[in-house]
Amino acid sequence: MKKLAAFTLALFLTSGTVLADTPKDADPQASKPAPKAKSRKTKAQLDQEKRDAAIAAQLEQLRQSVEAQQQQLQILKDELAKRDRQIDEARQAAAAADTKASDATARASEAAAATADLKTAAASEQETDSQLNNRIVRVEKDVDTTKKETSTKIAALSNLKFNGDLRLRYEPFFGGGAANAAAPADRHRERFRLRFNVTTKINDDITAGFSLASGDVGDPISTNSTETGFFTRKSFALDRAFATYNPHQFKPFSVTAGKFAYTWYRTELTFDNDINPEGASEQVVWDWKDKFLSHFGVVAFQTPLFEVSGGPDTGLYGGQIQTGWRLGSRVKLTADTAFYNYTNADSIAQNQNTSNGTNNGYPTAGVPNNGGGNFGFGSATLSNNFGVINGKRFFASKYAISDSILRADFDTGHLRWPIYALFNYAVNTEACSNMQIFADAVLAGGTVTTPTCDPHQRHAYWAEAQLGQTKNKHDFRFGYTFMRIERDAVVSAFNFSDIRQPTNVAQHRIEAFYQAYRNITFGFTGFLGRQLVTAQSPTEERLLKRFQFDTIFTF
């Protein structure tokens with residue numbers, strides 16, 4: 001500031017000197033040279049002009065310097081103003097910080113007091129905390145145990161597998177009866193079948209399961225329920241209850257016990273598809289991929305049929321040898337032979353309830369009947385040869401049945417159109433071998449109705465061919481089967497329930513099925529059959545035409 005004042009004073013003084021050198025009242029004409037002679041400037045004048053020019057240059061420099069200094073001065077003023085604002089803000093922040101510090105100090109004091117109180121309380125509750133910790137440890141152990149048990153149960157539930165099916169059927173009957181008599185009235189009925197299955201893997205070695213199914217509980221060869229009986233409720237009963245042991249140390253071996261699905265291969269020539277045998281079955285089975293001998297197995301089964309507290313029990317014992325053969329890349333052949341030995345088969349005839357006067361239901365226990373038994377079962381006609389001794393039925397034959405099945409599967413090169421052909425032959429090796437009991441009963445003075453028996457009527461035949469499959473949407477399957485079953489070839493109580501009669505019959509079956517959706521199948525089955533003309537049944541019959549229109553839902 002002092003330099004600026006000195007510079008301003010010098011500038012003022014210099015300006016005054018310049019103004020003093022200029023005369024105020026000088027005549028303008030006096031400075032003009034004489035008209036007659038031109039005068040030259042003196043040296044003094046020239047020096048004065050030089051001095052004036054130098055002063056003017058200095059003044060210009062001073063002016064410019066002043067302007068620059070004024071600009072710098074303005075910048076300094078702005079910076080000072082900014083610094084003053086910052087100082088004010090800092091003072092305000094400091095004041096706020098002092099306030100917060102005061103508050104924090106007060107809170108710290110309060111916290112210190114509270115901490116002291118807490119320490120006092122903690123010291124007094126130390127024993128309580130120890131007790132709580134012990135309780136927490138016990139609870140955690142209980143929780144861990146519960147978690148393990150729950151995890152085990154959840155794992156078991158995750159192994160459960162559910163499936164089932166519902167079949168709705170319309171079934172008309174036409175024809176039948178003796179050819180020389182009036183034809184029976186046409187018959188129309190509607191039926192349904194409902195099945196529900198549950199299986200679970202208990203561990204690596206054991207599988208268990210059960211099934212529920214509709215149908216008359218007194219009829220072992222059908223799970224159909226007929227829509228009749230004035231809207232009465234329909235039976236839904238236990239159809240399977242089983243466990244299978246298959247040790248992981250030796251996978252080919254397994255044993256199944258309870259009420260289970262067939263463990264051996266058969267057709268309905270000998271056993272209906274709806275039967276689930278009871279008892280136990282053991283098997284040893286080997287499978288080899290891409291080998292000429294692709295399968296070999298041995299199956300044994302022991303199935304009780306009728307256990308009584310006094311007297312002989314009735315049972316079925318047998319086994320099967322299974323083989324599989326690969327004949328090239330497109331042909332597979334299976335050849336199986338089974339043997340079924342019935343013990344005390346006469347109780348079957350005595351308890352088959354064929355005279356209760358109705359086809360709409362059968363009792364299952366404790367019902368005396370004119371066959372001499374006290375257990376009613378089965379809707380099938382008793383078409384085996386039998387007689388009566390003192391009010392009880394007895395078969396003319398014993399039943400020891402050899403059953404052989406040969407099946408060939410062909411890969412046509414079209415996934416949807418496989419072909420298989422099957423031939424099943426069964427023979428009762430003990431046909432008419434029970435006739436001696438009637439002769440003995442006559443000698444004993446009993447009341448006897450002796451049957452006739454032809455030992456040649458011991459054979460049964462089943463020939464079947466199928467084209468296509470019903471696995472995927474829009475699949476078709478077509479089939480034809482011919483059956484010829486002589487009177488004492490098989491036990492009539494347990495074979496195919498839908499044919500004209502169980503034995504002494506010739507039967508045709510035609511099938512067509514369409515897989516409309518993944519879980520919905522439409523089917524048509526036609527049965528055309530009549531009994532064989534023999535010495536015991538000499539009258540020729542019309543064909544009984546029985547048709548089944550099915551809609552099957554699987555889940």
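At 0.36 nm per residue, and after removing the present C-alpha to C-alpha distance, how many nm does the segment from Asp103 to Phe162 gain when stretched out fully? Before the final figure, lay out each step's value.
Values: separation 59, 0.36 × 59 = 21.24 nm, distance 7.06 nm.
Extra length available between Asp103 and Phe162 comes to 14.2 nm.
Just the C-alpha atoms of region 401-555: what Rg/Rh do they give, with Rh taken as the Kirkwood radius?
1.11
Can you tell me the FRET efficiency between Tyr317 and Val143 if r is taken as the Cβ-Cβ distance and R0 is 45 Å, rounded to the nearest 0.05?
Details: r = 54 Å, r/R0 = 1.19.
After rounding, the FRET efficiency stands at 0.25.
Rounded to two decimal places and with Rh computed the Kirkwood way over Cα pairs, what is Rg over Rh for region 282-437?
Working: Rg = 20.9 Å, Rh = 18.7 Å.
Using Cα coordinates only, the ratio equals 1.12.
What distance in nm separates the two pseudo spin-label positions at Asn133 and Ala53, each 7 Å out from Cα along the beta-carbon direction?
With each label placed 7 Å out from Cα toward Cβ, I get 10.6 nm.
Where does the charge balance sit around Thr256 when Lys and Arg score +1, Asp and Glu -1, over other residues with C-beta under 12 Å from its C-beta?
So the environment of Thr256 carries a net charge of 0.
Roll a 1.4 Å probe over the protein chains and send me the accessible area per residue for region 471-518 in Å². Mind showing how you got there, number by number?
On the way: 1830 Å² over 48 residues.
That works out to 38 Å² for each residue.
May I ask for the Rg/Rh ratio of region 173-251, computed from Cα atoms with Rh as the Kirkwood radius, given to two decimals?
1.27
Order Ile55, Ile510, most accessible first, counting only protein heavy atoms with a 1.4 angstrom probe.
Values: Ile55 55, Ile510 80 Å².
Per-residue accessible area, sorted high to low, gives Ile510, Ile55.
I'd like to compare 406-415, 298-307, 273-282: which one has the highest average count of other Cβ atoms within 10 Å, and what's the full order after that?
273-282, 298-307, 406-415
Assuming R0 = 41 Å, can you tell me the calculated FRET efficiency for the pair Ala241 and Ser151, based on Cβ-Cβ distance, to the nearest 0.05?
0.90
With 30 Å as the limit, write out which pairs from Lys259/Lys545; Lys161/Lys398; Lys291/Lys398; Lys147/Lys259; Lys259/Lys471; Lys251/Lys332 have Cα-Cα distances beyond it, or answer none.
Lys259/Lys545; Lys161/Lys398; Lys291/Lys398; Lys147/Lys259
Sort 534-543, 83-92, 451-460 by the packing proxy (mean of other Cβ within 10 Å over each peptide's residues), most packed first.
Values: 534-543: 13.5, 83-92: 10.0, 451-460: 18.2.
Put in order of decreasing packing, that is 451-460, 534-543, 83-92.
The values are calculated or read from the model by the stated rules, or taken from the named source; none is laboratory data. Bear in mind that the values here come from a model prediction, so they are computed numbers and not experimental data. Virtual Cβ from ideal backbone geometry, glycine too; neighbours counted across all protein chains shown. Accessible surface areas use protein heavy atoms only, side chains included; no ligands, DNA or RNA. Shrake-Rupley method; radii C 1.70, N 1.55, O 1.52, S 1.80 Å.
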